[in-house]
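First the structure, which I've put down as structure tokens, then a few questions once you've had a look.
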Amino acid sequence: MLAIVLYWTVFGLVALITALLGHKMERGFLLLLLTASGLTILANTVFGDSDAISYVLAIDLALLGVAFYLCLTSDRFWPMWFAAFHLLGILSLLPSVLFPDMDFASFRMAAAFWAIPALLAFAAGTWKDFKAEVHSSGKYNRSPFSL
């Protein structure tokens, strides 16, 4: 329960930073993260924690694919950090997928842990890009309500 509260607290802070300071790419990625989190909750609710692993892995792999795409196409550094932490989470989840008859609760917890550094890397990168933009132009020229 504490891990869930921690995740959503960090997610809320990241969402606030991204909504206020991020560009279209960051805001779009934030919506993707929110969608992936919602689908993960739905999969765990419908199928139960142990049976939802395959669905959660599919969601995580899709998110990793988008992060890799952003690594290759953007000029920002946060997608690389996000992708690296997210990949660690996926690799932590693999024993649960490969051996479904065994209980790997600790591996699933480790997989969930890596979401926090991934989110923090996303927020730190958004903040850093904002500071660089303000430093180079001398002004803040973005509205939190514009896409």
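Skip the ligands, DNA and RNA, and give the accessible area per residue of region 1-100 with a 1.4 Å probe, whole Å². Display every interim value, and only then the final one.
Values: 5680 Å² over 100 residues.
So region 1-100 comes to 57 Å² accessible per residue, rounded to a whole number.
Using a 1.4 Å probe, how large is the accessible area of residue 134, given in Å² and rounded to the nearest 10?
50
Still on this model: Let me know the charge dipole size of the chain about its Cα centre in debye, to the nearest 20, where only the beta-carbon of Lys, Arg (+1) and Asp, Glu (-1) is charged.
700
Something else now. Choose one of 89, 125, 48: the residue whose Cα lies farthest towards the positive end of the charge dipole of the chain (beta-carbon charges +1 Lys, Arg; -1 Asp, Glu; about the Cα centre).
Toward the positive end, the furthest listed residue is 125.
Mean Kyte-Doolittle of at least -0.5 and a Cα length of 24 Å or more along the axis: which whole DSSP H helices of the chain meet both? Please report the intermediate quantities before stating the final value.
Values: long enough: 2-21 (28 Å, 2.43); 24-47 (34 Å, 1.14); 53-73 (30 Å, 2.04); 78-98 (30 Å, 1.54); 115-137 (33 Å, 0.41).
Membrane-span-like by this criterion, though nothing is claimed about a membrane: 2-21, 24-47, 53-73, 78-98, 115-137.
As an exercise, use a Förster radius of 25 Å and the Cβ-Cβ distance of residue 47 and residue 69 to find the FRET efficiency, rounded to the nearest 0.05. Mind dumping the intermediate values first?
Numbers: r = 28 Å, r/R0 = 1.12.
About 0.35, to the nearest 0.05.
With a 1.4 Å probe and all protein chains left in place, how much of the accessible area of the chain comes from carbon and sulfur atoms, in whole percent?
Details: 6570 of 8880 Å².
Carbon and sulfur atoms account for 74 percent of the accessible area of the chain.
Give me the dipole magnitude in Debye, nearest 20, for region 55-134 about the Cα centre, with unit charges on the beta carbon: positive for Lys and Arg, negative for Asp and Glu. Don't skip to the end; give the middle numbers.
Values: 4 positive and 6 negative charges, 39 e Å.
Once rounded to the nearest 20, the dipole reads 180 debye.
The values are calculated or read from the model by the stated rules, or taken from the named source; none is laboratory data. If you're wondering where the values come from, they're calculated on a predicted model, not measured in any experiment. Cβ coordinates were reconstructed from backbone atoms using ideal geometry, including for glycine residues, and neighbour counts include every protein chain displayed. What goes into the accessible areas is simple: the full protein's heavy atoms, side chains included, and nothing from ligands, DNA or RNA. Shrake-Rupley method; radii C 1.70, N 1.55, O 1.52, S 1.80 Å.
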